[in-house]
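The values are calculated or read from the model by the stated rules, or taken from the named source; none is laboratory data. Source: prediction; values computed, not measured. Note that each Cβ is placed from the backbone with ideal geometry, even for glycine, and that neighbours are counted across all protein chains shown. When the accessible area is computed, the model is the full protein with side chains, heavy atoms only, and any ligands, DNA or RNA have been set aside. Shrake-Rupley method; radii C 1.70, N 1.55, O 1.52, S 1.80 Å.
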Amino acid sequence: MRKDVDINKAAQIIKQGGLVAFPTETVYGLGADATNAQAVARIFVEKERPSFDPLIVHIASMEQIHSLTTTNDNRVTELAKKFWPGPLTIVLPKSDLVPDVVTSGLPTVGIRMPDNEIALNLIEKSGKPIAAPSANKFGRISPTTANHVKKQLKDIDYILDGGPCKVGIESTVISLNPDGFVILREGFITFEDLEQVLPASKTKTSSAPLASPGLLKSHYSPEKPIYISDNHDFKSIRKILDSIEPTKKAAFISFTGIVHEGFSKTEFLSTKADLKEAAVNLFDILHRLEEDSNVDIIIAEPVPGDGIAKAIMDKLTKASFRYNN
Ligand code: TXA
Ligand code: MG
């Protein structure tokens with residue numbers, strides 16, 4: 001089957017104020033012209049997203065950053081040289097061109113240049129910066145294929161199908177301050193990667209409530225209970241299963257390649273604890289298990305460590321939050 005990738009058509013829809021889902025290297029985005037407040041408002045309706053959660057604006061050239069922000073901080077150029085196009089979002093003071101609906105009334109805007117040909121072409125051909133959150137219903141599993149988008153969003157104007165996303169988890173979101181940077185959302189670019197370009201502030205991750213709504217406790221949830229096993233020991237996993245519902249069919253998400261008896265299914269984030277592989281597979285596995293009628297509950301092996309491991313663990317913890325609290 002041929003993939004649906006008519007970029008001219010998609011660009012036309014963006015120009016006219018419509019909604020287009022498009023691939024990026026991280027996850028699929030649900031895009032609208034970032035300078036058109038009405039078009040952006042439709043994103044919030046379609047996603048059922050609360051209006052307090054601001055959107056990332058996607059650009060294809062450094063000129064666009066000058067029209068969207070008032071910054072002349074040359075650390076932005078340094079970061080862009082090293083990480084763009086790529087999975088880093090930088091929160092900067094916004095210009096008047098950016099409507100308040102994009103930033104949920106904040107004086108700042110998150111900007112990133114995605115590392116995906118289709119996304120960059122779409123931005124160039126439409127001639128517009130594109131505001132886009134991940135193309136899923138609010139709080140649900142993020143999409144890494146066009147089919148994942150179709151499953152959740154029925155009423156959008158077009159989906160550009162670029163195949164599976166090559167990174168698989170969302171961008172790292174940072175803000176800058178006089179001392180350095182603060183990570184507002186963990187992602188594929190790690191603290192250590194960033195430290196090579198900028199000295200970090202004393203706080204590694206923001207603890208201020210809602211400095212970024214990406215810090216919400218519950219997110220990325222499948223429509224089935226999911227739990228993280230507290231260690232790699234089979235007995236403890238069995239105990240979790242029995243204590244929950246002994247008759248229910250459970251799937252196991254393995255990170256190290258370990259397999260346990262007593263599960264109706266095992267999915268592998270990785271077979272050898274490879275973090276990049278795990279990032280690529282994470283959301284697809286959650287989507288598959290959500291759809292699988294032979295699975296009632298999901299148990300995930302923990303993913304220990306820093307960097308990408310932290311980002312993956314953050315997503316698993318948020319996915320399981322509503323079932324554990
Ligand atoms: O990889 C990604 O970042 C994907 C692709 C589509 O680019 N987009 C994405 O968007 O994950 P979304 O809306 O699901 O998450 C955006 C995150 C939210 O946690 C939001 O709170 C934070 O970025 N954010 C956006 N603008 C912000 C701002 N001005 N200040 C603080 N946080 C902001
Ligand atoms: Mg999202």
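When Val91 is tested against (1) more than 9 Å from ligand 1 (Cβ to nearest atom); (2) over 17 Å from Asn136 (Cβ atoms), only condition (1) is not met.
Results for (1) within 16 Å of ligand 2 (Cβ to nearest atom); (2) assigned by TED's automatic domain parsing to the domain that holds Asp157; (3) assigned to a loop (DSSP other than H, G, I, E, B); (4) not charged (D, E, K, R), shown as yes or no for each residue.
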site	(1), (2), (3), (4)
Gly17	no, yes, yes, yes
Thr26	yes, yes, yes, yes
Thr35	no, yes, yes, yes
Ala39	no, yes, no, yes
Arg49	yes, yes, yes, no
Asn72	no, yes, yes, yes
Lys81	no, yes, no, no
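Scanning the range 273-315 for residues that are closer than 17 Å to Phe263 by Cβ and open to solvent by less than 10 Å² (accessible area, probe 1.4 Å) returns Ile285, Leu286, Leu289, Val295, Ile297, Ile298, Ile299, Ala300, Glu301.
Of the helices (runs of 4 or more DSSP H) entirely within the range 108-198, those holding at least 2 residues that are touching a residue at least 60 places away in the same chain (Cβ under 8 Å) and within 13 Å of ligand 1 (Cβ to nearest atom) occupy 117-126, 146-152.
Condition check: over 17 Å from the mean Cα position of the chain (by Cα), modelled with pLDDT of 95 or more and of a type outside the set (Val, Ile, Thr). Does Lys81 satisfy that? So Lys81 fits the description; yes. Could you tell me whether any residue of the range 118-139 is open to solvent by 30 Å² or more (accessible area, probe 1.4 Å) and within 16 Å of ligand 2 (Cβ to nearest atom)? Yes, the conditions are met somewhere in the range 118-139. Within the range 191-224, if we keep just the residues that are at pLDDT 85 or above and open to solvent by less than 20 Å² (accessible area, probe 1.4 Å), the residue that is farthest from the chain's Cα centre (by Cα) turns out to be Leu198.
Results for (1) assigned by TED's automatic domain parsing to the domain that holds Asp292; (2) of a type in the set (Val, Ile, Thr); (3) under 21 Å from Ala10 (Cα atoms), shown as yes or no for each residue.
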residue: Gly86; (1), (2), (3): no, no, no
residue: Thr89; (1), (2), (3): no, yes, no
residue: Ser95; (1), (2), (3): no, no, no
residue: Leu106; (1), (2), (3): no, no, no
residue: Gly127; (1), (2), (3): no, no, yes
residue: His148; (1), (2), (3): no, no, yes
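Here Pro143 meets the list (1) open to solvent by 20 Å² or more (accessible area, probe 1.4 Å); (2) touching a helix residue (DSSP H, G or I) at 6+ places or on another chain (Cβ under 6 Å) almost entirely, failing just condition (1).
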